[in-house]
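Structure first, then comments.
The values are calculated or read from the model by the stated rules, or taken from the named source; none is laboratory data. These figures come from a predicted structure and were not determined experimentally. Cβ placement follows ideal geometry from the backbone for every residue including glycine, while neighbour counts extend to all protein chains displayed.
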Amino acid sequence: LPTPLIEPHLQLKPLIEEPMVLVGPVRSGFDPARPVSLEQVAKLPLILSRRPNSARIIVEHALEAIGLVPSVVVETNSTLVDELVSRGVAYSGLPSCYVAGLRNDLEYTPIRGLWISWNIARLRALPLAPAAQHMVSLIRELAGKRNDWPLWADRKLRQSLRPKPRGR
């Protein structure tokens, strides 16, 4: 599960954190080595998934925290975002794992300082069955292999990112 998520019945265990990226059509001029600011994102028309999509909430909250409002021109389900972006309708803010499957008619760049946290969730009141415990171990092991994680396979993007500030 991605955060932000507030649910008292769930126990969340951090899995991985990754930067959010701005995705645009091929002629956007985006370069994974040159992150954009939130102020730049606020000036662009955006395609965002419908609430309560976590990526949308992260983008909205980050902009609101600096007194800006996103210019959402299209609300859609996640499966249509890349098609609309590739047609030049608008841009989108998405988790960087999204870029692993990018078509060659899209470009992306990190959004400076904007991260998403992925968690494993379980009900607090119930213990995990042995099979579920094993599955959690496998997921954590796979996520821990940073070279296999889509973000870390892109050397240009990886080099452009500053370390995430402590306490976020």
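Some values worked out for this structure:
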quantity	calculated
Residue in the stretch 21-33 that is crowded, with 18+ Cβ neighbours inside 10 Å, among the hydrophobic types (A, V, I, L, M, F, W, C), over 18 Å from residue 116 (Cβ atoms) and out of contact with any helix residue (DSSP H, G or I) (no Cβ under 9 Å at 6 or more places or on another chain) present	yes
Test: residue 137 is part of a helix (DSSP H, G or I) and among the polar types (S, T, N, Q)	yes
Pairs with Cβ under 8 Å, 6+ apart, first in the stretch 39-67 and free of Cβ contacts under 8 Å to residues at least 12 places away in the same chain, second of a type in the set (A, V, I, L, M, F, W, C) and in a loop (DSSP other than H, G, I, E, B)	none
Residue that is of a type outside the set (S, T, N, Q) and within 16 Å of the chain's Cα centre (by Cα), where the choices are 63, 84, 68, 44	63
Conditions (1) modelled with pLDDT of 90 or more; (2) surrounded by fewer than 17 Cβ atoms within 10 Å (Cβ to Cβ); number of the one not met by residue 108	(2)
Close pairs (6 angstrom Cβ cut-off, 6 or more residues apart or separate chains): among the aliphatic types (A, V, I, L, M) in the stretch 128-145, modelled with pLDDT under 80 anywhere	143/15; 143/16
